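Below is one structure; the comments refer to it alone.
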Amino acid sequence: MSDTPGWHGTTILGVRKNGKVVVAGDGQVSLGNTVIKGNARKVRRLGKGDVVGGFAGATADAMTLFERLEAKLEQYPGQLTRACVELAKDWRTDRYLRRLEAMMIVADASVTLVLTGTGDVLEPEHGVVGIGSGGNYALAAARALIDTDFDAEEVARRAMKIAAEICVFTNENVVVETI
């Protein structure tokens, strides 16, 4: 086991409700017990702007995966699931990509998916998914809020606030992208 402290500090949440999908991410990046940055942008639009994604894990690795996903989206326009499956295949079989340490939530108007380095392309139940160090806290909060009168963005913002109050590796500097 390494004596070097690990990078922590990501909470990414996807919420799908009433025809809208939101991907939200906090801005904290920590090294061990030290906050390195509080306003990182871990959520962004992909492709022609019709896909949103958020990442947990090593930033350079996630940026590489976003670039690869954008290439797959160009190859398979309007087919997010197929683009993600093709990326997952590459991620598992390519020597370079296999070493990347990240997870992603990606969504378009019709589907929300989680991608992992083990080749998983998962569609969450209940229209809610969370990844990262505070992902389970945000997921639990969003699941509790999903049946309220709040819209998708309000569910995401409130769930992220709850996660930030519980997880020391999550802050309240939240970026939200909505489709």
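The values are calculated or read from the model by the stated rules, or taken from the named source; none is laboratory data. If you're wondering where the values come from, they're calculated on a predicted model, not measured in any experiment. Note: ideal-geometry Cβ built from the backbone for every residue, glycine included; neighbour counts use all protein chains shown.
Within segment 153-171, which residues are under 16 Å from the mean Cα position of the chain (by Cα) and either in a loop (DSSP other than H, G, I, E, B) or among the aromatic types (Phe, Trp, Tyr) (or both)?
Phe169, Thr170, Asn171
Please go through segment 12-46 and give me each residue that is in a strand (DSSP E or B), among the basic types (Lys, Arg) and buried (at least 20 other Cβ atoms within 10 Å of the Cβ), ordered by number. Don't jump to the end; show me each part of the working.
Taking segment 12-46 and keeping what is in a strand (DSSP E or B), we get 12-17, 20-25, 29-31, 34-37, 43-46.
Right, trim to among the basic types (Lys, Arg) and you get 16-17, 20, 37, 44-45.
Arg16, Lys17, listed by residue number.
Given the structure, is Arg82 at pLDDT below 95, at negative phi and over 15 Å from the mean Cα position of the chain (by Cα)? Break it down stepwise before answering.
Working: at pLDDT below 95: no; at negative phi: yes; over 15 Å from the mean Cα position of the chain (by Cα): yes.
No: the conditions fail for Arg82.
Looking at segment 139-147, can you tell me whether even one residue there is in contact (Cβ under 8 Å) with a residue 12 or more places away in the chain, touching a strand residue (DSSP E or B) at 6+ places or on another chain (Cβ under 7 Å) and not aliphatic (A, V, I, L, M)?
Yes, some residue in segment 139-147 is in contact (Cβ under 8 Å) with a residue 12 or more places away in the chain, touching a strand residue (DSSP E or B) at 6+ places or on another chain (Cβ under 7 Å) and not aliphatic (A, V, I, L, M).
Please determine, by comparing only the residues of segment 90-117 that are among the β-branched types (Val, Ile, Thr) and at pLDDT 80 or above, which one is farthest from Val23 (Cα to Cα). First the steps, then the outcome.
Of segment 90-117, the ones among the β-branched types (Val, Ile, Thr) are 93, 105-106, 111-112, 114, 116.
When the remaining residues are screened for being at pLDDT 80 or above, the result is 105-106, 111-112, 114, 116.
Details: Ile105: 8, Val106: 8, Val111: 12, Thr112: 9, Val114: 12, Thr116: 17 Å.
The qualifying residue farthest from Val23 (Cα to Cα) is Thr116.
Mind listing whichever residues of segment 151-179 are free of Cβ contacts under 8 Å to residues at least 40 places away in the same chain and either touching a His at 6+ places or on another chain (Cβ under 6 Å) or buried (at least 17 other Cβ atoms within 10 Å of the Cβ) (or both)?
Hits for segment 151-179 are Arg158, Ile162.
If you go through segment 114-123 one residue at a time, do you hit one that is farther than 21 Å from Met63 by Cβ and in contact with a strand residue (DSSP E or B) (Cβ under 8 Å, 6 or more places away or on another chain)? Full working, then the answer.
Step one: list which residues in segment 114-123 are farther than 21 Å from Met63 by Cβ, which gives 122-123.
In the following step, the residues that additionally are in contact with a strand residue (DSSP E or B) (Cβ under 8 Å, 6 or more places away or on another chain) were identified as 122-123.
Yes, because at least one residue in segment 114-123 is farther than 21 Å from Met63 by Cβ and in contact with a strand residue (DSSP E or B) (Cβ under 8 Å, 6 or more places away or on another chain).
Among the residues of segment 47-69, how many are under 24 Å from Lys37 (Cβ atoms) and either part of a helix (DSSP H, G or I) or in contact with a Pro (Cβ under 6 Å, 6 or more places away or on another chain) (or both)?
Keep residues of segment 47-69 that are under 24 Å from Lys37 (Cβ atoms), which gives 52-67, 69.
Narrowing the set further to residues that are either part of a helix (DSSP H, G or I) or in contact with a Pro (Cβ under 6 Å, 6 or more places away or on another chain) (or both) leaves 59-67, 69.
Residues meeting the conditions: 10.
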